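A short worksheet on the structure shown next.
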Amino acid sequence: MKRLDGKTAVVTGASSGIGRAIVERFVAEGAKVFAFARNAEALKSLEAAYPGQVVAITGDVTRQADLRQLVESVLKHTDAIDILVPNAGIARVVGFDDSTAEAFSEQFSVNLFGAAETARLFVPHIRKGGSIQFITTFLTQVGFPGLAIYSASKAALKSLSQTLAAELAPRGIRVNAIAPGPIATPLWGTVGLPADVLGTVAAQINARLMQGKFGEPGDIAATSVFLASDEAKNIYGQEIVVDGGYTVG
């Protein structure tokens, strides 16, 4: 028997990277998945690859109307869900001198407010025994120059997940977070650094990783399956760090 047989999940930021890997792993474990992201073409290819198991819904987590449409679309297919992964996120390298209110807003609108609003709208529709998983970052535990805004947005999300774990437990909903370390995804190329600088930074990071290389999206997806399964029924309010040993020292 597959670990997620009969379960229904919603995953945002599902068109690539960690989000797509989570969708694919959930399907492999028997779940039906509603995949939400801005990239309609990528979502359609995901839906076509898993007919009847993946439903693609296009939208932006920073738009209230899009999130409400997501909820309505899901409820047309099912009366409730079991798993919610508000995975959509962005990362930008911004020095502190340039960390204006607008710069904060760009990343917080997706990483914190988008994730929180996704959860808020879906909580009434999560079955007892269900699970919410927020995606944070290993950078909630270490400092990295130029990523103050990104790290702060994810640290706030970590705190939110801990508080919601206590608040939603009486309703039978488990809340946890997964903190990816350096993972080889398209997000790495969108942080705003030139290719040569990215290469230098990657080499420095690899030197601290136990395997000497970035992790894979599937590493996070495997952790997500575990947290969504009955095997994790006694885990509440935890941030599970999957970082290749980076934060060990």
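Nothing in this text is a laboratory measurement; each read-out follows from the coordinates by a stated rule. Everything numeric here is computed off the predicted structure, so don't read it as measured data. Here Cβ is always computed from backbone atoms with ideal geometry, including for glycine, and neighbour counts include all displayed protein chains.
What to note about this one:
- In whole angstrom, the range 136-243 maps to an equivalent ellipsoid with semi-axes of 29, 16, 10, each derived as √(5λ) from the alpha carbon gyration tensor and ordered largest first.
- Choice from Gly52, Gly146, Gly89 with maximal GNM fluctuation in the chain (Cα, 10 Å cutoff): Gly52
- Projection of the Cα convex hull of the chain, averaged over all directions and equal to a quarter of that hull's surface, yields 13.2 nm².
- Spin-label model distance (nm) - Ser99 vs Glu216, 7 Å beyond Cα toward Cβ: 3.5
- Environment charge of Ala42, counting only residues whose C-beta is closer than 13 Å and scoring Lys/Arg +1, Asp/Glu -1: 0
- Calculated [θ] (222 nm, deg cm²/dmol) that DSSP helices of n ≥ 4 give over the chain, each run adding -39,500 (n - 2.57): -12000 deg cm²/dmol
- Residue among Asn39, Gly172, Ala203 farthest towards the positive dipole end of the chain, charges placed on Cβ: Gly172
- Within straight-line reach of Lys2, meaning a Cα separation under 17 Å, sit the following aspartates and glutamates at least 8 residues removed in sequence or on another chain: Glu24, Glu29, Asp82, Asp230, Glu231.
- Positive-end residue of Ala56, Ala119, Gly130, charge dipole of the range 1-159 with Cβ unit charges: Gly130
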